Amino acid sequence: MDVQNLYKSVRKRRWLSFAVIWSRYLIGFAFIPSGMTKLLGNRFTSLPVSDPVGYFFEAMYRTGWYWNFLGGAQLTAALLLMTQRFASAGNLIFFPLSLNIFLITWSVGFKGTVYITGLMLMASLGLLLWDYPKWRSMLATDNSISTWDMENWPTYNRHWIITGMILFVEGVGMALTGHYAPGRIVSLLFLALMALTFLVSVILFRFRKA
């Protein structure tokens, strides 16, 4: 089976499209808390500078505007991923960021966190493979022309776009409560809202063929 036929056999599976859509939500959401922390100019960890991890993040924090820039880049990647409409662009931002974070957590010995960042990196790589037709021309020789018949594969629609925007707003709200309104009740409220959003989306996917 050639690459084109293999790709088509994968893309026509509806449950895989569903998994990709929610993978975009999940890895996008993972960037919101850390992105907001940096964008607001707050420290990422309370570890002392005597610890290699604490020393590294303290140095990054003291760069000032670069720390804010990293947070803005993370939030931008998260937003684009969760829109679904611009998810491919979001993943192009997310992949180098996640690769950088994985290498950092690995090199400074950030214990179990390296496994989490490794899974995020693998998920981003999987999304790159999912979007293979969009960037495969980059691998072709100069002045080459190739065609690839596209089919009506299951993908995102307005329902998933709205769901992503709701989840992004809820994620930002939850991140802000950790900085300006610390409280377990508020955090639990946002978690309940996100769980409700997930439940409603799954029900619509199941019964309305979203």
### Net +/- balance of residues flanking Y25 in space, Cβ distance below 15 Å, scoring K and R +1, D and E -1
+1
### Query
Roughly how big is the chain's charge dipole about its Cα centre, with Cβ charges of +1 (Lys, Arg) and -1 (Asp, Glu), in debye to the nearest 20?
620 debye
### Message
For region 16-120, take N as its residue count and report Rg(C-alpha) divided by 2.2 N^0.38 Å.
### Response
1.10
### Degrees separating the helix 184-207 axis from the principal Cα axis of the chain, which is the longest one
0 degrees
### Message
Taking the 0 to 90 degree range and rounding to the nearest ten, how far is the long axis of helix 52-61 tilted relative to the main principal axis of the chain, both from C-alpha atoms?
### Response
80 degrees
### Summary
Rounded to the nearest 500, the 222 nm mean residue ellipticity computed for the chain from DSSP H runs (n ≥ 4, each -39500 (n - 2.57)) alone is -24500 deg cm²/dmol
### Message
I'd like to know which of I21, P133, I203 lies farthest towards the positive end of the charge dipole of the chain, counting +1 on Cβ of Lys and Arg and -1 on Cβ of Asp and Glu.
### Response
I203
### Message
I'd like to compare 61-67, 136-142, 200-206: which one has the highest average count of other Cβ atoms within 10 Å, and what's the full order after that?
### Response
200-206, 61-67, 136-142
#### Entry: Ranking of E170, E58 by count of other Cβ atoms within 10 Å, fewest first
E58, E170
### Solution diffusion estimate, µm²/s, Stokes-Einstein, the chain, Kirkwood Rh from C-alpha pairs, 20 °C, viscosity 1.002 mPa s
113 µm²/s
### Positive-pole candidate from W67, T45, F86, dipole of the chain, charges at beta carbon
F86
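We did not get these values from a lab; they are worked out from the coordinates using the rules stated. Predicted, not measured: the structure shown is a model, and the values here were computed from it. With ideal geometry, Cβ positions are generated from the backbone for all residues, glycine too; neighbour counts draw on all protein chains shown.
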